[in-house]
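Only the coordinates and a few stated rules stand behind these numbers; no lab work does. Bear in mind the structure is a predicted one, so any value in this text is a computation, not a measurement. Neighbour counts run over all protein chains shown; Cβ positions are idealised from the backbone, glycine included.
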Amino acid sequence: MVMNDEFKMSVANAVKARMETTQKSQNQVARELQLSAATLSNCLNGKWENISAEVWRSLSRYCGIKSQQWPTISTKNFTAIQELCKDAKDNGRMLAVAGATGLGKTKALEHFTANNPHVFYVLCTSTMGRGDLIAAMQRSLGVSLEAKVHLRLLSVIEALKRLENPLLILDDCGKLNDNCQLLIQIMYDALGEHCGFVLSGTDAFKREFFKKAARDKNGFRELKRRIGYWQRLVEPSLGAVKMLCEQYEIVDPAVWSYMHNSFKDYGTLREVIVNVCRVQEPVTVELIQRLRVGGEL
């Protein structure tokens, strides 16, 4: 959980409301939670300077508040993807990003979508045919035409043409079949430099894409030529791990170093941090070693 002031205020207010509902005193609640009355009083009255993360975890469990927010931090990957998307959007380019799972592709792409106008995000799946992909693009753009595939594709293209510097983001693009991937070239050619495209996938997406182009598989050499740049992603740095840990009040440098050496993607780091935050103990290397990701506490 992210223990910022907004979260702490929501917990304090929820504890007060529960005390009122249950008609329990601060002393009674403090005894239940094995806290001192002074500590609980400070939490409820905004005196948070010396309140530990363990106390806030205990209070949040007591009142049933959970913070689902995963903090956005400016990692190298995050910054690179923001710049890639801006380049594609401003200059009508088709660009791509490929990297191992858990390196922050989707979060960075969603962030750019949420914070920029005329950006449309589509999450691709292995079950999509051409009609399904077009329907997903229609939903993202708010186009509701019901017609044959060709006319629906034209409706998406025309909707993008009416906008200034639009960007279409296709995430998990490697899960699309060949016909769907080649549909992207049709759209890009129809739009010229009016619309930017960002294709995102795992390393396997890039590897298989290049193999198809090298074999001169129908259309892939042409599509490869239209992709101006492939963004490379990197594993979490020690600085990125430190920033994440500090968001959750994990302040032991030994823990930062252990996490950096042991966990090579943000997805696994998240699971580790979620696990340790569920335990009312100081976060140490020994605690992390004891709590296996996906295992029992």
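Brief remarks follow.
- With Cα atoms, 0 to 90° folded angle of helix 53-63 axis to the chain main axis: 90 degrees
- Where only alpha carbons of the range 1-51 are counted, the Rg and the Dmax (Å): 10.8, 29
- When restricted to Cα atoms, the range 188-243 yields an Rg and a Dmax of 15.4, 47 Å, respectively.
- A quarter of the convex hull surface defined by the alpha-carbon atoms of the chain gives 19.2 nm² as the mean projection.
- Alpha-carbon Rg/Rh ratio, for the range 235-297, with Rh computed the Kirkwood way: 0.91
- Euclidean distance between Cα centres, the range 228-297 to the range 7-48, Å: 30 Å
- Partner lysines for residue 206 [C-alpha distance under 17 Å; skip if fewer than 8 residues away on the same chain]: 105, 175, 217, 224
- Here the simple spin-label model places points 7 Å from the Cα toward Cβ, and for residue 214 and residue 190 these points are separated by 3.3 nm.
- Counting all C-alpha pairs of the range 76-232, share separated by more than 27 Å (%): 15 percent
- At R0 = 51 Å, FRET efficiency that the Cβ-Cβ distance of residue 203 and residue 5 yields, to 0.05: 0.80
- Longest exposed-site-free window of the chain, the sites being trypsin sites (Lys or Arg not before Pro) in a DSSP loop that have at most 16 other C-beta atoms within 10 Å: 67-147
- Segment residue 271-residue 287, length gained on full extension (0.36 nm per residue, minus Cα span): 4.4 nm
- Taking a Cβ cut-off of under 14 Å around residue 38, the surrounding Lys, Arg, Asp and Glu residues balance to a net charge of +1, with basic ones at +1 and acidic ones at -1.
- Debye log10 I(q)/I(0) for the range 122-163, one point scatterer per Cα, at q = 0.14, 0.20, 0.29 Å⁻¹: -0.28, -0.55, -1.04
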